[in-house]
Amino acid sequence: MARGCAIALVTGMAALGACGRIDFAAVPDAGSVLDPAPDAASGAPPPRVAYVGPFVQRDGSARATDTFTAQAHAAGNAIVIQVSCGATAIPTAVSVAAAGWSFTQLGPITASARSAQRSATFAAIAPDTVGVTVTVTWTGSTCNTSSNQIGDEFAMTDPAGGMITFDGFNATQGTGNCTGSVTTGHEGDAVWAACNTQTSVTAIGTGFVKGADDDVGDWTEYALTSHAAGTAEAVEFDNPNVGYVLSMVTLKPR
């Protein structure tokens, strides 16, 4: 769901907020994010996947092609994004492109049956930490009501990319609470989800942490698990009795 103006992205230590407002939000330092220390008291090993922060939190204009600027925290980190088009017509295709980057579409476009929300999920391995312009292009629709993108960055994931790193995917649509499940491909997978709603998500699911937020009601959430391969992970966001599209991805640890 998109209205107004809001862009946010991770650029090392600063985030650009809505309509030109600058907020300084601390991105965890490399020691705590990329190589977290074990708990000295318990002797427990560190998490194998670490959340870095939002990659994009954009409420864009109502148009079929939109761009945003983003920057990865470290080369080799995993990026996962839900791109959405609010439209009367259901798009036939969508692409995400940036110089030097390779984005993989995970599954087809999912269209809400009760609203104008149409979404797709893309993933990439960051090639470097250089700021880049990312272009999202929809085909077969003008995205006449909205165009928005939300996504996050993770460290300590398998660097291979594609279906090796992003080893589980599911997408669904419905009305009311955004609910679904995705199955882990490996032990210790992280779980990521994004809900694109007609109005506004109001809360994340139990056991999850809030990630990206485009400031117009669309959120992401994640969980860093120690679960076995083949675990069906239940995903939920609280959502009013309106249409939504829910994207879900699991990420393999390094």
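A few points about this structure:
- For the stretch 85-109, a residue qualifies if it is of a type outside the set (Gly, Ala, Ser), closer than 18 Å to Pro127 by Cα and open to solvent by 50 Å² or more (accessible area, probe 1.4 Å), and the qualifying residues are Thr104, Gln105.
- The lone exception for Ala234 - which of (1) more than 18 Å from Val56 (Cα to Cα); (2) open to solvent by less than 40 Å² (accessible area, probe 1.4 Å); (3) among the hydrophobic types (A, V, I, L, M, F, W, C); (4) in contact with a Ser or Thr (Cβ under 6 Å, 6 or more places away or on another chain) it fails: (2)
- Only one of Thr179, Thr157, Thr184, Thr206 that is crowded, with 24+ Cβ neighbours inside 10 Å and more than 26 Å from Ala62 (Cα to Cα): Thr157
- When residues in the stretch 111-129 are screened for being surrounded by fewer than 22 Cβ atoms within 10 Å (Cβ to Cβ) and either among the β-branched types (Val, Ile, Thr) or out of contact with any Lys or Arg (no Cβ under 8 Å at 6 or more places or on another chain) (or both), 7 of them pass.
- Among the residues of the stretch 132-146, some residue qualifies, meaning at least one is under 22 Å from Cys178 (Cβ atoms), within 15 Å of the chain's Cα centre (by Cα), open to solvent by less than 30 Å² (accessible area, probe 1.4 Å) and of a type outside the set (Ser, Thr, Tyr).
- Qualifying residue in the stretch 182-191 (condition: under 16 Å from Gly107 (Cβ atoms), part of a helix (DSSP H, G or I) and among the β-branched types (Val, Ile, Thr)): no
The values are calculated or read from the model by the stated rules, or taken from the named source; none is laboratory data. As the structure is a prediction and not an experimental result, all values here were calculated from the model. Positions of Cβ are backbone-derived with ideal geometry, glycine not excepted, and every protein chain shown enters the neighbour counts. Note: areas computed on protein heavy atoms with side chains; ligands, DNA, RNA excluded. Shrake-Rupley method; radii C 1.70, N 1.55, O 1.52, S 1.80 Å.
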